[in-house]
Amino acid sequence: MTKNRVRIDEAALQRAIQPGIDRIQDQMNEQLRTAIAQVRDEMQGQPADEVFDVLVQRLEADVPGFKVNEQAMRGVATEIEAGTLS
């Protein structure tokens with residue numbers, strides 16, 4: 001019995017799916033910016049630890065597939081506390 005082998009042109013496949021990947025990434029980035037701005041507006045001046053907790057909770061709820069980069073989010077929370085995040 002002969003096995004049929006299929007060769008996939010990975011570069012062509014990547015070119016075909018890249019526009020969809022880009023659209024999803026743009027949507028996620030917009031959701032991320034929106035959620036951070038909302039937390040900033042609601043919690044500016046609050047302690048960074050509290051801001052961090054709310055920020056993570058909001059991002060996990062609002063941005064599908066979001067994985068927390070704790071160091072980056074703590075930096076954002078500190079900026080929200082200080083009122084320096086624009």
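The values are calculated or read from the model by the stated rules, or taken from the named source; none is laboratory data. As the structure is a computational prediction, the values presented were derived from the model and not from experiment. Using ideal geometry, Cβ is built from the backbone for each residue, glycine included, and neighbour counts are taken over all protein chains shown.
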Exercise. So which residues in region 1-47 are within 29 Å of Glu79 (Cβ to Cβ), β-branched (Val, Ile, Thr) and modelled with pLDDT of 90 or more, if there are any at all?
Worked result: Thr34, Ile36, Val39
Exercise. Under 6 Å by Cβ, and 6 or more places apart or on different chains, what pairs join a residue from region 44-66 that is within 22 Å of Asp26 (Cβ to Cβ) and of a type in the set (Lys, Arg) with one that is at pLDDT below 95 and surrounded by 15 or more Cβ atoms within 10 Å (Cβ to Cβ)?
Worked result: Arg58/Ala35
